[in-house]
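A.B. asks: Below are the C-alpha cells for one structure; questions will follow.
The values are calculated or read from the model by the stated rules, or taken from the named source; none is laboratory data. What you see is a predicted model; the values in this text were computed from it and never measured. Ideal geometry is used to build each Cβ from the backbone, glycine not excepted, and the neighbour counts take in all protein chains shown.
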Amino acid sequence: MKILLVRPPRIKQAITLSNFMFSEPLGLEMIYSVFEQNHTVEIFDMMIEKLSIEEKIRDFEPDRVGITSLCIDVLKVIELSNKIKACNSNIKIFVGGTQALLSPESFFEPSIDYVFNYTTKDNLIKFLNNDKSIEGVYQKENSFKDSFPKGNNEYMLPNRASTLKYRAYYSYFGYRPAAIMEYGLGCESRCNFCLRWRIEGYKEIQIDMAITMADLNAITESTIMFIDNDFLSSREKLSSFLDIIKEVDLKKNYIIYGSVKGVIETQDLLKEFVRLGLSAILIGYETFKDEELMNYNKKITADENFKASKILKELNIDVWASFMAHPDWDKADFKNFRAYIKKIRPQITTINPLTPFPGLSLYEEYKDRLLFSAVDYEKWSFGQLIIKPSKISVRRYYYELMITYLYVNLFVNGNTKMLKKFGLMNVLRIGFGAVKASKNYIKLMING
Ligand code: B12
Ligand code: SF4
C-alpha cells in the first residue's frame with residue numbers, strides 16, 4: 001500500500017512569532033516509522049513544498065492519505081481532503097494530531113474516512129490491517145458514532161530520515177537546522193489556561209529510555225529543542241538527563257521549555273547544563289500581576305519571575321519569554337507591563353492575548369465575552385483577541401499590543417547578545433517575525 005502523510009500549509013491568520021518558524025512534524029515522523037515496516041510511505045510537508053496537493057496525488061498515487069492538524073488547520077484539512085477526493089475518490093483519508101485529540105468532531109466530514117482521536121502503535125497497525133474494531137478511531141463507515149475508552153497518544157520512535165529533504169528548513173529560536181524531541185511527557189502544574197497537560201496528561205511520565213537513546217543517536221542536527229512542557233519539573237528529571245549526555249558525551253546545543261519554579265529550584269544543575277550545551281530557554285512568565293498569576297493557577301509570583309530572570313542572566317542563558325495579555329488590561333496596565341519587561345529583558349518576547357480554548361474552564365468563564373465562536377477555527381491561533389476587552393476598545397487593545405510588541409522586541413530585548421551568537425540573518429528572521437506580527441496587528445486594529 002502507498003501512504004502519503006501530509007502537514008497542511010501555514011495559515012496567514014496565525015500571527016504570533018512562533019508561526020514564523022516551524023519545526024519537523026514529529027507526529028508524522030512517528031506514524032511513518034510504524035507504516036514503513038510493510039508499506040511505501042512519504043511525508044509531504046506543505047509548509048515547505050511548492051507542489052500542490054493535486055500534483056502530489058497524481059505523482060505519488062497513494063492509497064491512503066493521513067493529515068495532521070492543529071485547531072487553526074481545520075478548514076485547510078477539510079479543503080485538502082476535498083481536493084484529494086476530487087482527484088481520486090478511492091483514496092482513504094485519515095486525520096490525526098492535536099485537534100483530532102481535543103475536538104475530533106471538527107473532522108466528521110464526508111471527505112474524511114477516519115479520525116484518530118488518539119494514536120498508538122496498536123491502532124495504527126489495526127488501521128493498516130483494515131481491522132474494524134480499532135480503539136481511538138472514529139470511522140465514517142459507522143457515521144463517526146464509534147465509542148471507545150479514553151486514551152492517550154503514544155510517544156513512538158520517529159524516523160528522522162523521513163523528512164530528510166526538508167530538515168534544513170526546520171528551526172527553533174533562531175537556530176536552523178534544529179530537531180525537536182521529548183524526554184518526558186505530561187505536566188503536573190495544571191495551569192488553568194493551558195491545553196498542554198490536557199493533551200499529555202497531568203502526570204509526568206518518563207519516555208522509554210530505549211526510545212530516547214535511539215532518538216538521540218539518530219538526530220544529526222547540532223541543535224535539539226526539547227518540547228517537554230517543563231524540562232525543569234524536577235531535579236531528578238534534569239539530573240537523569242545530564243547523566244545521559246555526560247555518559248554518551250553528546251555535544252549538542254540544547255533548548256528547553258522550563259518553568260520559573262524549575263529555574264529557581266534547579267539553579268545549580270542548570271549551571272552544569274549550560275556547560276554541557278544548554279543555550280536557551282522558553283519560559284512562561286505570563287503576567288506582571290500577582291493576582292492574575294494566582295487566578296491562572298500558576299503557583300508563582302511576579303517577584304519570582306524576576307528572580308528567575310536574574311538567574312538566567314547570570315547563567316548566560318538566552319530567554320524567550322512568553323506573556324499573556326489579560327482582556328481586562330487598560331492603557332496603564334500595558335504601560336506597567338512594558339516597564340516590567342524592561343526589567344526582565346529577555347532576548348525574545350511573545351505576548352498572546354489570553355485565549356480560553358474550548359474545553360478549558362476559562363472557556364466557560366469567558367463564554368459571554370467571546371468575540372469568536374469555537375468553530376471560527378482560524379481565529380484560535382493565540383495571536384487574535386478572543387475575549388472582548390472590558391476597559392478599552394478592541395482597536396485600542398490591538399494598538400497597545402502592537403506598540404508593546406515593537407517596543408519590547410526591537411528596543412528592549414537583549415538583542416545584541418543574540419546578534420553576536422546567531423549572526424545577522426537569524427536575528428533579522430526573528431525581528432522580521434516581530435514586524436510582520438505588528439503588520440497583522442495594524443490590520444486587526446483598522447478592522448477593529
Ligand atoms: C513544539 C510545538 C510547537 C513548535 C513546533 C511545531 C512544529 N512542529 O512546527 C512551534 C513553536 C514552532 C509551534 C508553533 C505553533 N504552535 Co505549537 N506546540 C508545540 C508543542 C509544545 C508540541 C507539539 C509536538 O510536536 N508534540 C509531539 C508530537 C509527537 O505530538 P503530536 O503532533 O500530537 O502527534 C501525536 C498524535 O497527535 C499523532 N498524530 C499527529 N499527527 C497525526 C496525523 C495522523 C494522520 C495520525 C493518524 C496521527 C497523528 O501522532 C503522535 C503520536 O504520539 C504543543 C504542545 C503539546 N504538548 O502538544 C504545542 C501546540 C500544539 N501548539 C499550538 C499552537 C496554537 C501553535 C501555533 C499556532 C502558535 C502560533 N500562533 O504561532 C503555531 C503553529 C504554526 C506551526 N508552525 O505549526 C497549540 C495547539 C492548540 C490547538 N488546539 O490546536 C499547542 C497545543 C500549544 C498550546 N499552547 O496550546 N508549536
Ligand atoms: S507549567 Fe506550562 S505546560 Fe504546565 S500547565 Fe502550566 S503553562 Fe501548561
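A.B. asks: Quick one: count up the residues across segment 242-261 that are within 16 Å of ligand 1 (Cβ to nearest atom) and without any contact (Cβ under 8 Å) to a residue 40 or more places away in the chain.
C.D. replies: So the answer is 4.
A.B. asks: Please go through segment 97-120 and give me each residue that is touching a helix residue (DSSP H, G or I) at 6+ places or on another chain (Cβ under 7 Å) and acidic (D, E), ordered by number.
C.D. replies: If the condition is that a residue be touching a helix residue (DSSP H, G or I) at 6+ places or on another chain (Cβ under 7 Å) and acidic (D, E), then E109, D113 are the ones that fit.
A.B. asks: Something else: Specify the residue that is surrounded by the most Cβ atoms within 10 Å (Cβ to Cβ); the eligible residues are those in segment 375-399 that are of a type outside the set (S, T, N, Q), over 12 Å from L354 (Cβ atoms) and free of Cβ contacts under 8 Å to residues at least 60 places away in the same chain.
C.D. replies: Y398
A.B. asks: Hey, could you check segment 197-213 for residues that are within 12 Å of ligand 1 (Cβ to nearest atom) and surrounded by fewer than 18 Cβ atoms within 10 Å (Cβ to Cβ) and say which is nearest to N153 (Cα to Cα)?
C.D. replies: Going through the qualifying residues, I end up with I199.
A.B. asks: Being among the charged types (D, E, K, R) and in contact with a strand residue (DSSP E or B) (Cβ under 7 Å, 6 or more places away or on another chain) is the filter here; which residues of segment 243-257 pass it?
C.D. replies: Within segment 243-257, just K252 meets the criteria.
A.B. asks: Go through segment 6-49 and report how many residues are at pLDDT below 95 and more than 24 Å from G383 (Cβ to Cβ).
C.D. replies: Matching residues across segment 6-49 total 2.
A.B. asks: Sticking with this structure for a sec: Could you tell me which numbered condition T287 fails, if it satisfies all but one of (1) buried (at least 20 other Cβ atoms within 10 Å of the Cβ); (2) within 11 Å of ligand 2 (Cβ to nearest atom)?
C.D. replies: (2)
A.B. asks: In segment 243-263, what residues are among the aliphatic types (A, V, I, L, M), modelled with pLDDT of 95 or more and under 22 Å from T220 (Cβ atoms)?
C.D. replies: Passing the criteria: I244, I245, I255, I256.
A.B. asks: Out of I125, I93, I134, I need the residue that is β-branched (V, I, T), surrounded by 23 or more Cβ atoms within 10 Å (Cβ to Cβ) and under 23 Å from Q37 (Cβ atoms). Which one?
C.D. replies: I93
A.B. asks: If a residue counts only when it is under 25 Å from V319 (Cβ atoms), which helices (runs of 4 or more DSSP H) contained entirely in segment 186-255 have at least 3 such residues?
C.D. replies: Hits in segment 186-255: 196-200, 235-247.
A.B. asks: Criterion first (free of Cβ contacts under 8 Å to residues at least 24 places away in the same chain and within 24 Å of C194 (Cβ to Cβ)) does G136 satisfy it?
C.D. replies: Criteria met by G136.
A.B. asks: Right, another one. Quick one: which helices (runs of 4 or more DSSP H) sit completely within segment 258-373 and have at least 3 residues that are farther than 30 Å from E236 by Cα?
C.D. replies: 331-344, 361-366
A.B. asks: Next question, about the same structure. Would you mind telling me which numbered condition in (1) modelled with pLDDT under 95; (2) aliphatic (A, V, I, L, M); (3) within 16 Å of ligand 1 (Cβ to nearest atom) M225 fails?
C.D. replies: Checking M225 against (1) modelled with pLDDT under 95; (2) aliphatic (A, V, I, L, M); (3) within 16 Å of ligand 1 (Cβ to nearest atom), the one that fails is (1).
A.B. asks: OK, next. Restricting the search to segment 107-117, which residues are closer than 20 Å to F357 by Cβ and either among the charged types (D, E, K, R) or more than 10 Å from ligand 1 (Cβ to nearest atom) (or both)?
C.D. replies: Matches in segment 107-117: F107, F108.
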